[in-house]
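Asker: Following this message is one structure expressed as structure tokens.
Every number here is computed from the coordinates shown, using simple stated rules; none is lab data. What you see is a predicted model, and the numbers here were worked out from it, not measured in a lab. Cβ placement follows ideal geometry from the backbone for every residue including glycine, while neighbour counts extend to all protein chains displayed.
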Amino acid sequence: MEIAKPAIAGTLESSDAQVTVEPGEGGIELSLTSSVMNQYGRQIKATVLETLERLEVKNARVTVVDKGALDCTLKARVECAVFRSCGQSAANIPWGGAIR
């Protein structure tokens with residue numbers, strides 16, 4: 001998928017994550033901050049990158065502000081932000097279909 005415009009999904013509440021995607025060049029540029037970075041930073045990064053790969057996002061600037069979200073929440077937030085940035089309508093979104 002091609003990131004067409006900036007989009008945000010999620011909140012800054014406890015146990016959630018706010019994901020921002022923007023058009024980028026030359027691959028994925030990931031900025032990650034987390035309240036549990038020391039314990040789960042590598043896993044959060046892997047989850048975000050895996051989700052972007054499954055959605056076939058090649059070029060994007062992605063910012064994740066994590067407040068202790070579970071993997072399923074991270075996947076949902078990334079998926080939502082990407083679909084919003086691509087201008088997908090609610091009727092045509094394969095929620096959960098692209099993420100396994």
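Asker: With the requirement that a residue be of a type outside the set (D, E, K, R) and either in contact with a strand residue (DSSP E or B) (Cβ under 6 Å, 6 or more places away or on another chain) or at positive phi (or both), what does the stretch 53-63 give you? Steps first, please.
Answerer: Going through the stretch 53-63, the residues of a type outside the set (D, E, K, R) turn out to be 55, 57, 59-60, 62-63.
Selection gives 60, 62, 63.
Asker: OK, next. Going by what's in this entry, would residue 12 be described as over 12 Å from the mean Cα position of the chain (by Cα) and among the aliphatic types (A, V, I, L, M)? Explain how you work it out, then say what you get.
Answerer: Numbers: over 12 Å from the mean Cα position of the chain (by Cα): yes; among the aliphatic types (A, V, I, L, M): yes.
Spelling it out, residue 12 is indeed over 12 Å from the mean Cα position of the chain (by Cα) and among the aliphatic types (A, V, I, L, M).
Asker: Being touching an Asp or Glu at 6+ places or on another chain (Cβ under 9 Å), touching a residue at least 40 places away in the same chain (Cβ under 8 Å) and outside any strand (DSSP E or B) is the filter; apply it to the stretch 10-47 and report the residue that is farthest from residue 77 (Cα to Cα).
Answerer: 16
Asker: Oh, and also: Of the residues that sit in the stretch 64-79 and are assigned to a helix (DSSP H, G or I) and of a type in the set (A, V, I, L, M), which one is farthest from residue 30 (Cα to Cα)? Write out each step before concluding.
Answerer: Step one: list which residues in the stretch 64-79 are assigned to a helix (DSSP H, G or I), which gives 71-79.
Keeping just the survivors that are of a type in the set (A, V, I, L, M) gives 74, 76, 78.
Numbers: 74: 14, 76: 17, 78: 12 Å.
The residue in question is 76.
Asker: Being within 8 Å of residue 64 (Cβ to Cβ) and among the β-branched types (Val, Ile, Thr) is the filter here, so list the residues in the stretch 21-39 that pass it.
Answerer: So the first thing to find is which residues in the stretch 21-39 are within 8 Å of residue 64 (Cβ to Cβ), and the list is 30-34.
Of everything in the stretch 21-39, just one residue is within 8 Å of residue 64 (Cβ to Cβ) and among the β-branched types (Val, Ile, Thr), namely 33.
Asker: Inside the stretch 48-63, can you point out the residues that are in a helix (DSSP H, G or I) and either surrounded by fewer than 18 Cβ atoms within 10 Å (Cβ to Cβ) or not polar (S, T, N, Q) (or both)?
Answerer: 48, 49, 50, 52, 53, 54 - these are the residues of the stretch 48-63 that are in a helix (DSSP H, G or I) and either surrounded by fewer than 18 Cβ atoms within 10 Å (Cβ to Cβ) or not polar (S, T, N, Q) (or both).
Asker: Consider the stretch 38-47. How many of its residues are surrounded by fewer than 19 Cβ atoms within 10 Å (Cβ to Cβ), under 19 Å from residue 14 (Cβ atoms) and under 13 Å from the mean Cα position of the chain (by Cα)?
Answerer: So the count comes out to 0.
Asker: Look at the stretch 6-37 and say how many of its residues are surrounded by 15 or more Cβ atoms within 10 Å (Cβ to Cβ), of a type in the set (D, E, K, R) and in contact with a strand residue (DSSP E or B) (Cβ under 7 Å, 6 or more places away or on another chain).
Answerer: 1
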